Amino acid sequence: MSLERLERMLNREQFEKVKAIDNPELHRFLADWIEWLEPEKVFVCTDSEEDEQHVRWKALYYGEEKMLETPNHTVHYDSYYDQARDKANTAILTPGGRKLPFLNTKDRDEGLREIKELMKGIMHGKELFVCFFVLGPRNSIFTIPAVQLTDSAYVAHSEFILYRKGYEEFRRLGRAARFFRFVHSEGELDERKTSKNLDRRRIYIDLEDETVYSVNTQYGGNTIGLKKPAFRLTIKRAVEEGWLSEHMFLMRVNGPHGRKTYFTGAYPSMCGKTSTAMVPWENIVGDDLTFILQVDGRARGANVEKGVFGIIQGVNQEDDPIIWKVLHSPVEIIFSNVLVKDGKPYWNGMGIEIPSDGENHSGEWWRGKKDEEGNEIPPSHKNARFTVSLEHFPNVDMEALESPCGVEIGGMIFGGRDADTWPPVREAFDWEHGVITMGASLESETTAATLGKEGVRAFNAMAILDFMSVHLGDYIRNYLDFGRKLKRAPKIFAVNYFLRENGQWLNHKLDKGVWLKWMELRVHNDVDAIETPIGYIPRYRDLVKLFKDVLGKDYTRGDYEKQFTIRVPELLGKLDRVERIYRETVREVPERLFEVLDEERKRLLEARERYGDYISPFALEEKL
Ligand code: SPV
Ligand code: MN
């Protein structure tokens, strides 16, 4: 039945490609949506190089990307007002519009009706790309197949760079495939090929059918189905099935004598996640999304993706030598929302002189140009990005990236943008303490990764709140349960790269390389540490050695003392803020969360009695 409909709508060659997948549910989904979207033609992508090439070419042909001077480099622009994830117009569809505390929700029937109406016939005159990918490595314990429908060759192209191809996986799984679906249309485009009807921009997530709809937008965070749209679906699956789907990088930290220790790290967008995963002397496995499963009592992680959709602002030769080199080599890269002059891309903070005119996300650009609100337009957007496959990074751990059973996780890191409270690095007492006082208590200043005001301190548990498609209480319960199932749980750490004093940073950008080495040693109990009310911190003498070994720097007692002072008033204030949120906003919070927060408060109050408000790490070290 659906096949017959598809046969009428597709040409023979494309029809044969979908017919070769034995999955009636997929056929029905395709037939229904192709009928509804009314594209002029349909292209079905198999895993072949020719099909991928077709998509690459069409992105140029339709003008969604333009060639740059370096072979295989292209540039794509999103509308000036479509430069980040649009939280206001993103909603989880729930029966009766049942509320979630941190995300918009909308009545499912109403949302589906609205989105269908917006999408009726929206692909007139356009080519629809039907693409198959998988989340996680293929044919692995992590694999989730997904099908993407989009009229944006740029979106499809990005997905070929970022995800493993899935057509053969669909064929192999046939009817057994429990697949995600993504339906995207960029809608009407203006002369610059950017989405025009931003007032009708919508991203609706239907958890029941595991389908995400996205319309009238092009920005990757709203449109690349397997990235953040899928993430809302995997969080729900993970909570239902007892595993973890996290907003985390996955990396290898190289210990003494060739020891390899894998870490995950959760940081809100623009808080150092990619740059940590990319620290020069370690190895990257993934920079954004990690699945974590329990296998034989161990936590094993895999990168959901195989590429990077990374922030380009501030990437410079000195601080990010690896990314810099990749961005200047003739490998396949899509630059988005950067300044282009004479076929070369430029971005803010790249450490070289930037031309004073060219083309950027605002169209023709010249220094001093203002937008409609009277704000001066910088050369590139703060959230301008590059899209590139990890295989092109000299520091990628390819074996870990492709391992069908992932890698054992030694440590999990939580970090935020915090001017005055957390020390640069510390270790939790145990899984529960880490999950609750570090992950579930994460606060961070808002950034340009989402639309809205920047620099506001905001609660962002596990750096995942933007995607929290289930009740946060259930999510945290699942986390705590997950740890209980493990024979050896990863150690949990918290980092903060953003401590400030009188407006000055207390740390350098590459200090994170030292914290990583220290955490690696701690995972294997190679160094001891100072017990504080909020966990273990490094001893000065260990850091002196690491700063020398890693950065060739002398680390002063003064710097150490300033950075690792335990700031009791700020820590207590934070505990109160976090507890209030869990008491007032989140339902069915595991009681253990409140107990662990209470224990922490008690320890802080006792320490204050004895040492005062600001406790030097040297004072605590004397106890050792
Ligand atoms: C993030 O903002 O967390 C990103 C980029 O990783 S986006 O795809 O926009 O979500
Ligand atoms: Mn992210």
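The values are calculated or read from the model by the stated rules, or taken from the named source; none is laboratory data. Every value quoted in this text rests on a predicted model; they were computed, and no experiment measured them. Cβ atoms come from the backbone with ideal geometry, glycine included; neighbour counts cover every protein chain shown. Just so you know, the surface numbers come from the protein's heavy atoms only, side chains and all, with ligands and any DNA or RNA stripped out. Shrake-Rupley method; radii C 1.70, N 1.55, O 1.52, S 1.80 Å.
Summary table
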quantity	calculated
Protection proxy ranking of 413-424, 64-75 - average other beta-carbon atoms within 10 Å, highest first	413-424, 64-75
Mean shadow area of the chain, taken as a quarter of the surface of its Cα convex hull (nm²)	27.0 nm²
Centre separation in Å (Cα based) which lies between the range 150-169 and the range 553-624	45 Å
Residue pairs, from the table LYS87/LYS485; LYS193/LYS227; LYS17/LYS273; LYS193/LYS453; LYS306/LYS548, whose Cα atoms sit over 29 Å apart	LYS87/LYS485; LYS17/LYS273; LYS306/LYS548
Cα pair distances of the range 320-376 binned at 10 Å [whole percent]	20, 49, 24, 6
Amide H contacts under 5 Å for ILE413, placed H, 5+ residues apart	THR264, GLY265, ALA266, PHE493
Å² of accessible area per residue within the chain, as computed with a 1.4 Å probe and no ligands counted	38 Å²
Residue-level accessible surface for GLU159, protein heavy atoms, 1.4 Å, Å²	0 Å²
Extreme residue, positive dipole direction of the chain, given options VAL183, VAL550, TRP324 (C-beta unit charges)	VAL550
Relative contact order computed over the range 487-566 (Cα-Cα under 8 Å; 6+ residues apart), in percent	26 percent
Residue-level accessible surface for LEU480, protein heavy atoms, 1.4 Å, Å²	0 Å²
The range 309-391, relative contact order in percent, only Cα pairs under 8 angstrom and at least six apart counted	40 percent
Built amide H within the under 5 Å cut-off of ARG85, gap 5+	LEU451
List LYS485, LYS106, ordered by accessible area with a 1.4 Å probe, largest first	LYS485, LYS106
Computed helical MRE - 222 nm, the chain, DSSP H runs ≥ 4 contributing -39500 (n - 2.57), nearest 500	-9000 deg cm²/dmol
Most to least packed among 573-583, 163-173 [average Cβ atoms within 10 Å]	163-173, 573-583
Amide proton proximity set for ALA384, modelled H, under 5 Å, gap of 5+	ILE312, GLN313
Whole-number D in µm²/s for the range 73-155 (Stokes-Einstein; Kirkwood sum over Cα pairs; 25 °C, 0.890 mPa s)	152 µm²/s
HN-Hα J in Hz across the range 189-198 - Karplus 6.51, -1.76, 1.60, θ = phi - 60°, x for Gly and Pro	10, 8, 5, 8, 6, 10, 4, 9, 9, 5
Rounded percent of accessible protein surface that carbon and sulfur make up, the chain, 1.4 Å probe	47 percent
GluC sites (Glu not before Pro) restricted to the range 295-382 and DSSP loop, no more than 14 other C-beta within 10 Å	GLU318, GLU353, GLU372, GLU373
Mean Cβ neighbour count within 10 Å, used as a protection proxy, ranking 127-135, 287-295 highest first	127-135, 287-295
Calculated from backbone phi, Karplus (6.51, -1.76, 1.60) coupling profile of the range 532-545 in Hz, x at Gly/Pro	10, x, 10, x, 9, 10, x, 7, 4, 5, 5, 5, 4, 5
The chain: relative contact order in percent, alpha carbon pairs under 8 Å with at least 6 residues between	13 percent
